[in-house]
1. Are any residues in region 76-97 among the hydroxyl-bearing types (Ser, Thr, Tyr) and in a loop (DSSP other than H, G, I, E, B), and if so, which ones?
2. Starting from residues that are among the charged types (D, E, K, R) and in contact with a strand residue (DSSP E or B) (Cβ under 7 Å, 6 or more places away or on another chain), keep the ones in region 128-147 and report whichever is nearest to ALA115 (Cα to Cα).
3. Got a sec? Which of ASN160, ASN136 is without any contact (Cβ under 8 Å) to a residue 40 or more places away in the chain and either under 20 Å from the mean Cα position of the chain (by Cα) or outside any helix (DSSP H, G or I) (or both)?
4. Without any contact (Cβ under 8 Å) to a residue 40 or more places away in the chain and open to solvent by less than 10 Å² (accessible area, probe 1.4 Å): which single residue out of GLY176, GLY184 fits that description?
5. So which residues in region 72-120 are among the aromatic types (Phe, Trp, Tyr) and closer than 23 Å to GLY140 by Cβ, if there are any at all?
6. Just give me the residues in region 1-15 being under 11 Å from ILE48 (Cα atoms) and open to solvent by less than 40 Å² (accessible area, probe 1.4 Å), in sequence order.
7. Do you know which residues across region 113-143 are aliphatic (A, V, I, L, M) and open to solvent by 60 Å² or more (accessible area, probe 1.4 Å)?
8. Select from region 148-194 the residues that are in contact with a Pro (Cβ under 9 Å, 6 or more places away or on another chain), more than 23 Å from ALA115 (Cα to Cα) and not small (Gly, Ala, Ser) and list them in ascending order.
Amino acid sequence: DPTATFGDHISVGPHAVIGPAAHIGDSTSIGAGTVIGAGVKIGAHTRIYPRVVLYPGTEIGNNVVLHAGVVLGSDGFGYVRDANTGEYLQFPQQGRLILEDNVEIGANTTIDRGALEETRIEHGVKIDNLVHLGHNVRVGHDVVIAAQTGVSGSSSIGANAIVGGQVGIGDHAHVGEQVILGSGSGILTHKKVKGPGIVFWGRPARPLRQYLKELAALARIARSSKDEEEQ
């Protein structure tokens, strides 16, 4: 769009679309087939791989890496059910999505914008492929999140936390700073998982030592039952 503005040393691949009032910072590269919506702001030294979609109003900091197929700023999964008809109606998604500096987002990951406020990914966060973060989520600085994790709306993850693959976090939950969530863990809705430095595992997630004790107790019960059957 003629109203888009650019810094110096910009690289734009074929078939990319840059919308009205978008701004691209210095030394940023935009891959082929990428769509940058109206009013999107992208900082300097950012690398955007092919077929990324940035919805209108999304803000991206400096030194950010967005791998192929990333979708940022899409509508959150927010619906209200009509009491008379039972029909689901979308609650207007009017907030923003902000990625701070030095964030890296893996291929085909999606992050929703806020419903009324903002979704924010703080500086230094590293997110793997195929992760989904819902509306109004906040991720603290230097968090790492492995593949196929899903974080429901209005949840938060504290700074320096480590989230393993295929973790599920319910809505309005909070994961504390420096908490480690083992692969496949499940955090219930409105649950607060406190750290720092504690490893959690299981569904629902509990401290690793407790979870291992429970597994050992179940194994003893299973062996006892088997012995009784053999007798």
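The values are calculated or read from the model by the stated rules, or taken from the named source; none is laboratory data. For clarity, every value in this text was computed on a predicted model and none was experimentally measured. Cβ: placed from backbone, ideal geometry, glycine included. Neighbour counts: every protein chain shown. All accessible areas refer to the heavy atoms of the entire protein, side chains included, with ligands and DNA or RNA removed. Shrake-Rupley method; radii C 1.70, N 1.55, O 1.52, S 1.80 Å.
1. Let us first name the residues in region 76-97 that are among the hydroxyl-bearing types (Ser, Thr, Tyr), namely 79, 85, 88.
Result: THR85, single match.
2. By that ranking, first place goes to ARG138.
3. Criteria check complete, one pass: ASN160.
4. Residue meeting the stated conditions: GLY176.
5. If the condition is that a residue be among the aromatic types (Phe, Trp, Tyr) and closer than 23 Å to GLY140 by Cβ, then PHE77 is the only one that fits.
6. Just the residues of region 1-15 that are under 11 Å from ILE48 (Cα atoms), to begin with: 11-13.
Within region 1-15, just GLY13 meets the criteria.
7. LEU116, LEU130
8. Selection gives ASN160, GLU177, GLN178, VAL179.
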